[in-house]
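Worksheet: one structure, shown below.
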Amino acid sequence: MYKYVLRRVLLAVPVLLLSSLIVFGLMRVMPGDALTVLMAESGNIGEKELQKLRKDLRLDLPYHEQYLLWLWQMVSLRPGDSLLTGERISTSLWKAIPVTLELTALAMVLGLAIAVPIGVLSATRQDTTSDYAGRMVAVSGLSFPDFWLGTLVITFAAIWFKWIPPIGYVSFWESPTRNLQQFLLPAAVLGFRLSAATMRMTRSTVLEVLREDYVRTAWAKGLGGRIVVYKHALKNALIPVVTVIGGQLGVLLAGAVVIETIFALPGMGRLTVEAILYRDYPVVQTNVMLVAATLVTLNLVVDMTYAWLDPRIRYR
Amino acid sequence: MPIQDKGPQGSRKRVTRRQFLHRAGWAGVGAAALSAVPRRAGAQGASPYPEWVSPSTKPPKRGGTLTRASAWDPPVLDPRLTQSVGLFQFAGLTSNRLVRYVFPDEASGPGDMGLKGDLAESWSASPDHRVWTFKLRQGVKWQNVPPLNGRELTSADIKYCFEAYAKEGVQTFNFREIEGIETPDKYTVRLHMQTPNVFVAHALAEPISVIFSREVLEEDGDLKKRCIGTGPFILKEHTRKVKVVLQRNPDYYDKGRPYLDEYVILITPDDATRKAAFRTGQTDFIWMASPSEVETIRKTNPNAVVQAYHNTAVFFGLAMSQDKPPFNDVRVRRALAMAIDRQKQVDTVFEGHGVLGWGVPYIYYQDKAPTAAQFGPWWQYKPAEAKKLLGEAGYPNGFSTTLFYYEYWPQMTSQVQLVQAELKKNLNIDVKITKMDYTTYYGRYVDPKWEGLAWGFQSGHAVGLDERTYQYMHSKSTKNFFRMNDAQIDELTIKLRQTPDPKEQRVITKKIVDREFDQVLRLWMPYDNGFMVFQPHMRNGAAIALRRTDSYGSPQIARVWLDK
């Protein structure tokens with residue numbers, strides 16, 4: 001097992017290196033740079049001044065030198081400063097990561113709270129009204145885009161209830177009540193979206209497992225319905241569900257940018273998208289690498305979870 | 001097409017309404033009176049809202065927090081490095097200028113471009129307008145925040161600041177026009193200009209010409225993180241992507257002001273969220289683009305006070321690579337102008353609440369907004385004549401070209417597509433459209449190498465006459481984004497900045513505008529008028545021409561108060 005983990009960690013190195021090359025290359029291929037944005041609409045800056053500023057920001061170095069410099073900064077855990085704001089990237093991340101983590105965690109909890117019971121209900125009452133209703137919820141979740149659902153929720157909350165989450169992010173430690181008010185709606189919207197795929201996967205895998213011999217045996221032994229479904233069937237049905245959840249977590253951590261934008265939450269998604277638009281190379285590169293590392297780690301964790309869920313699975 | 005008869009610039013009705021508003025004296029009696037204002041029909045499209053919300057006549061109340069949701073986040077706090085609206089939506093509140101434009105409670109109406117002293121109590125120019133002398137107010141203090149700690153502002157501060165602007169950053173072009181600065185005493189600043197310029201005071205009144213502190217620049221090496229000035233508000237907090245909090249400066253030189261305790265700007269990138277925040281009372285004022293949006297808001301907030309903003313300047317138009325064929329031929333440019341139905345854009349894209357488009361604000365050369373007829377013969381929608389003219393220019397079968405743009409707002413895409421369709425239909429010109437992200441668009445647009453067409457802009461951070469003529473139209477100016485190169489325009493714009501007599505200035509400006517329209521040097525496109533919408537308790541927040549309260553016109557927040 002340990003050898004397997006070590007091998008996976010070592011395999012992550014070329015993956016991350018390749019990611020770093022891709023993100024570095026893509027950012028340089030895009031036209032314009034951070035200075036273009038900074039000077040936007042002034043038109044009053046001469047080429048000399050631009051060159052000086054480029055030099056100050058080390059944008060005049062050859063690409064390979066810029067890459068190696070950045071790589072060294074990443075390895076030494078000093079990712080540098082934002083070209084646009086001058087703020088330390090570690091400081092920006094320190095502010096953005098808790099927001100995204102909180103949103104992700106709440107959305108996950110809400111999503112699972114919706115998905116698993118409805119998925120199981122749909123499977124155990126296949127082709128009944130409850131099943132159709134559950135499937136409709138799942139299809140809706142898959143069909144409604146984030147931006148549409150988020151906009152609708154915030155607009156109708158304002159019209160019907162004269163209330164929307166307070167704008168202006170406040171951390172949980174500063175004011176738990178206000179913080180939860182701010183996260184409730186976005187987490188619900190995101191959770192609903194997430195629940196759809198999980199719900200469908202839960203339904204289909206539970207349906208499959210319910211037809212297995214060992215479940216039939218459990219029924220034959222006279223066990224109660226709940227015990228059969230939740231203890232015998234569900235645990236074994238969860239492996240593909242965990243895969244789906246793992247993938248969703250990765251996507252969420254990469255940035256639920258639309259939801260963060262609608263609900264004015266200063267998370268990773270907004271940080272990354274703004275940095276891309278402003279060609280803030282070091283910020284984009286660092287964020288992408290962070291997401292890549294998170295995805296690699298998550299995949300490993302998901303694989304480990306398989307073994308916990310199904311003792312027959314062994315890694316060597 | 002008789003667009004002058006049905007266009008949005010129905011000046012006769014507008015004047016009548018203004019006269020009515022002034023005579024009735026309704027303005028300034030508060031929200032209740034405002035809601036009772038009779039709706040006008042027809043003028044400026046179909047908007048039933050007044051163009052001017054006069055200041056309240058009640059004694060102002062002190063205290064309270066004014067809140068606004070803003071799409072813009074300042075990239076940096078350094079006024080030398082950016083002219084972003086993100087910064088100047090509040091920099092004019094933390095800092096002062098030498099001179100300023102009038103505030104709404106001093107203005108005679110939305111078109112009032114009068115100057116008042118800000119840090120300078122008075123100013124004068126030498127007869128040749130090469131030497132400008134500014135007498136500073138005595139006893140003006142920097143905010144009581146380290147490292148300034150409330151010390152007195154002196155002429156040396158102004159000299160240092162202007163020299164720093166000239167040394168590096170986005171304002172070097174303007175400030176390098178200053179040949180030398182003298183400070184004969186603590187309260188006198190004398191500017192020696194390289195060339196005569198009658199508009200120096202106006203340039204220094206622009207919202208971007210704020211006076212920053214020497215100590216911060218020397219301690220930090222830049223002004224990216226701290227914004228300390230002499231203004232009515234102290235920057236208490238700026239958390240990126242979250243909010244900007246401004247706190248009342250108790251030592252502000254204008255005693256008793258500002259009235260508000262705090263002004264909070266919540267960074268809210270999503271439009272629907274900004275509207276929801278206004279609906280639920282989380283924010284006190286908001287900008288809206290179209291009449292239908294205003295109507296929707298008024299269903300939930302019927303007491304909201306609405307100002308129909310009247311644009312006297314337009315910032316977007318079709319830029320042509322007029323230094324290259326086929327656009328170097330004036331007949332081609334004229335044909336394009338005649339083949340585009342701009343009134344249709346006003347009626348459809350802007351729901352009738354827009355203007356046809358012009359580059360130099362009309363208030364600098366006439367009292368009323370120009371009618372379609374005043375644009376001249378090339379600006380009337382005449383597809384058949386356009387086709388004929390294009391044939392005479394040697395393109396009877398049209399040609400292919402490109403157009404790149406950045407979608408500043410969704411309506412712009414509709415405008416671009418309408419232009420594309422009309423040029424194809426009327427002139428058989430195939431326009432290949434490329435929509436870009438902002439950085440790509442901007443980088444390409446300001447580099448004078450692109451070919452074909454661009455949806456061009458002139459920026460809104462400065463609104464003076466010199467800015468709108470010499471700075472944007474002279475062939476040698478770095479802001480000549482539309483790539484104009486017209487000897488007459490060059491001569492006239494230089495003559496204008498040497499002409500002190502306001503009446504003569506208007507005559508010269510009109511000549512510049514006429515020449516521009518005749519040669520179709522910039523093909524202006526319709527622009528929205530928009531609306532400022534206020535909670536009923538907000539007073540003195542009306543937007544003045546060219547200076548919206550929520551953006552570069554923010555200094556007027558110093559006069560806003562809350563009636564609750």
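The values are calculated or read from the model by the stated rules, or taken from the named source; none is laboratory data. Bear in mind that the values here come from a model prediction, so they are computed numbers and not experimental data. Positions of Cβ are backbone-derived with ideal geometry, glycine not excepted, and every protein chain shown enters the neighbour counts. Remember, those area values only see protein heavy atoms, side chains included, never the ligands or the DNA or RNA. Shrake-Rupley method; radii C 1.70, N 1.55, O 1.52, S 1.80 Å.
What whole-number volume per residue, in cubic angstrom, does the convex hull of the C-alpha atoms of the stretch B:481-564 give?
Values: hull volume 12.2 nm³, N = 84.
In the stretch B:481-564, the Cα convex hull volume per residue is 146 Å³.
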- Calculate, for A:ASP310 and A:GLU65, the FRET efficiency according to 1/(1 + (r/R0)^6) with r their C-beta to C-beta distance and R0 56 Å; round to the nearest 0.05. 0.65
- Rounded, prolate or oblate (a/c below 1.5 giving rounded, otherwise prolate when a/b exceeds b/c) for the stretch B:389-437 by Cα gyration tensor: prolate
- Task: May I ask which residue of B:TYR381, B:GLN343, B:ASN301 lies farthest towards the positive end of the charge dipole of the stretch B:276-396, with charges of +1 (Lys, Arg) and -1 (Asp, Glu) on Cβ and the Cα centre as origin?
- Result: B:TYR381
- List, largest first, the extents of the alpha carbons of the stretch A:120-261 along their principal axes, each in whole Å. 58, 33, 26
- Message: Based on the alpha carbons, how large is the Rg to Rh ratio for the stretch B:423-462 when Rh follows Kirkwood?
- Response: 1.06
- Query: P(r) of chain B in 10 Å steps, Cα pairs, percent per bin?
  - Reply: 3, 17, 27, 27, 18, 6, 1, 0
- Note on the structure: Per DSSP, the loop-located trypsin sites (Lys or Arg not before Pro) within the stretch B:230-294 having at most 11 other beta carbons within 10 Å are B:LYS255
- Message: Given the options B:VAL446, B:TRP358, B:GLN535, identify the residue whose Cα lies farthest towards the positive end of the charge dipole of chain B (+1 on Cβ of Lys, Arg; -1 on Cβ of Asp, Glu).
- Response: B:GLN535
- Query: Modelled label-to-label distance, A:TYR4 and B:GLU295, 7 Å Cα→beta-carbon offset: nm?
  - Reply: 6.5 nm
- Query: Based on Cβ point charges of +1 for Lys and Arg and -1 for Asp and Glu, what charge dipole magnitude is obtained for the stretch B:194-268 about its Cα centre, in debye rounded to the nearest 20?
  - Reply: 300 debye
- Query: Using 1/(1 + (r/R0)^6) with R0 = 51 angstrom and r between the beta carbons of B:ASP501 and B:LYS432, what's the FRET efficiency to the nearest 0.05?
  - Reply: 0.60
- Message: Please list, in order along the stretch A:73-81, the HN-Hα scalar couplings obtained from phi with the Karplus expression 6.51 cos²θ - 1.76 cosθ + 1.60 (θ = phi - 60°), rounded to whole Hz, x for Gly and Pro.
- Response: 4, 5, 4, 8, 6, 10, x, x, 10
- Task: With 18 Å as the limit, write out which pairs from B:LYS58/B:LYS564; B:LYS141/B:LYS186; A:LYS52/B:LYS159; B:LYS61/B:LYS564; B:LYS135/B:LYS186 have Cα-Cα distances beyond it, or answer none.
- Result: A:LYS52/B:LYS159
- Among B:PHE134, B:PRO146, B:ALA313, pick out the residue whose Cα is farthest towards the positive end of the charge dipole of chain B, where Lys and Arg carry +1 and Asp and Glu carry -1 on C-beta, about the Cα centre. B:ALA313
- Taking a 18 Å limit on the Cα-Cα distance, which of the listed pairs B:LYS344/B:LYS510; B:LYS387/B:LYS424; B:LYS344/B:LYS425 fall beyond it? B:LYS344/B:LYS510
- Heavy-atom accessible area order for A:LEU180, A:LEU16, A:LEU190, A:LEU10, largest first, 1.4 Å probe: A:LEU10, A:LEU180, A:LEU16, A:LEU190
- Taking only the alpha carbons of the stretch B:241-395, the radius of gyration and the largest Cα-Cα distance, Dmax, both in angstrom, are 22.7, 69
- Item | Relative contact order for the stretch B:103-205, counting Cα pairs under 8 Å that sit 6 or more residues apart, in percent | 26 percent
- With the 8 Å Cα cutoff and a minimum separation of six or more residues, the stretch B:204-246 has a relative contact order in percent of 24 percent
- Query: If packing is taken as the mean number of other Cβ atoms within 10 Å per residue, what is the order of A:102-111, B:133-142, A:281-290, highest first?
  - Reply: A:281-290, A:102-111, B:133-142
- Message: Sorting check: for A:244-251, A:198-205, which peptide has the highest mean count of neighbouring beta carbons within 10 Å, and how do the rest follow?
- Response: A:198-205, A:244-251
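Can you classify the stretch B:85-136 as rounded, prolate or oblate using the Cα gyration tensor, where a ≥ b ≥ c are the square roots of its eigenvalues, rounded means a/c under 1.5, and otherwise it's prolate if a/b beats b/c and oblate if not?
oblate
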- Other chains near B:431-438: what is the mean number of their Cβ atoms within 10 Å of each residue's Cβ? 2
- For the stretch B:392-474 the trypsin sites (Lys or Arg not before Pro) that pass both the DSSP coil test and the at-most-10 other-Cβ-within-10 Å test are B:LYS449
- Semi-axes, largest first, in whole Å: what does sqrt of 5 times each Cα gyration tensor eigenvalue give for the stretch A:212-316? 42, 17, 7
- Message: What whole-number volume per residue, in cubic angstrom, does the convex hull of the C-alpha atoms of the protein assembly as shown give?
- Response: 193 Å³
- Query: Percent relative contact order of chain A, based on C-alpha pairs within less than 8 angstrom and at least six residues apart?
  - Reply: 27 percent
- Note on the structure: The size of the Cβ-based charge dipole (Lys, Arg +1; Asp, Glu -1) of the stretch A:120-199 about the Cα centre, to the nearest 20 debye, is 120 debye
- Given charges at beta-carbon only (K, R positive; D, E negative), |dipole| of the stretch A:145-283 in Debye: 600 debye
- Query: Can you pull the accessible area of B:CYS227 for me, 1.4 Å probe, Å² to the nearest 10?
  - Reply: 20 Å²
- Item | Kirkwood Rh (inverse of mean 1/r, distinct Cα pairs), the stretch B:188-326, angstrom | 20.0 Å
- For the stretch A:52-92 and the stretch B:483-513, distance of Cα centres in Å: 47 Å
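Largest first and in whole Å, give the semi-axes of the stretch B:173-223's equivalent ellipsoid, each being the square root of 5 times a Cα gyration tensor eigenvalue. All intermediate terms of the calculation are to be shown ahead of the outcome.
Working: eigenvalues 98, 45, 25 Å².
For the stretch B:173-223, the semi-axes come out at 22, 15, 11 Å.
Which percentage, to the nearest 5, of the DSSP beta bridges contained in the protein assembly as shown is antiparallel?
Rounded to the nearest five, the antiparallel share is 75 percent.
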- Percent of alpha-carbon pairs separated by more than 11 Å within the stretch B:445-490: 67 percent
- Message: If you take each beta carbon of peptide B:161-168 and count the beta carbons of other chains within 10 angstrom, what is the mean?
- Response: 1
- Message: Suppose R0 equals 35 Å. What FRET efficiency, 1/(1 + (r/R0)^6) with r the Cβ-Cβ distance, do B:SER124 and B:ASP222 give to the nearest 0.05?
- Response: 0.55
- Identify all lysines with a Cα-Cα distance to B:LYS503 below 19 Å; exclude those on the same chain that are fewer than 8 residues away in sequence. B:LYS368, B:LYS495, B:LYS511
- Message: Restricting to DSSP H runs of at least four residues, report the calculated mean residue ellipticity at 222 nm for chain B, -39500 (n - 2.57) per run over all residues, nearest 500 deg cm²/dmol.
- Response: -8000 deg cm²/dmol
- For chain A, what does the alpha-carbon gyration tensor say about shape, rounded, prolate or oblate, given a ≥ b ≥ c as the root eigenvalues, a/c under 1.5 as rounded, and a/b over b/c as prolate? oblate
- Could you let me know the centre-to-centre spacing of the stretch A:98-131 and the stretch A:288-303, using Cα atoms, in angstrom? 23 Å
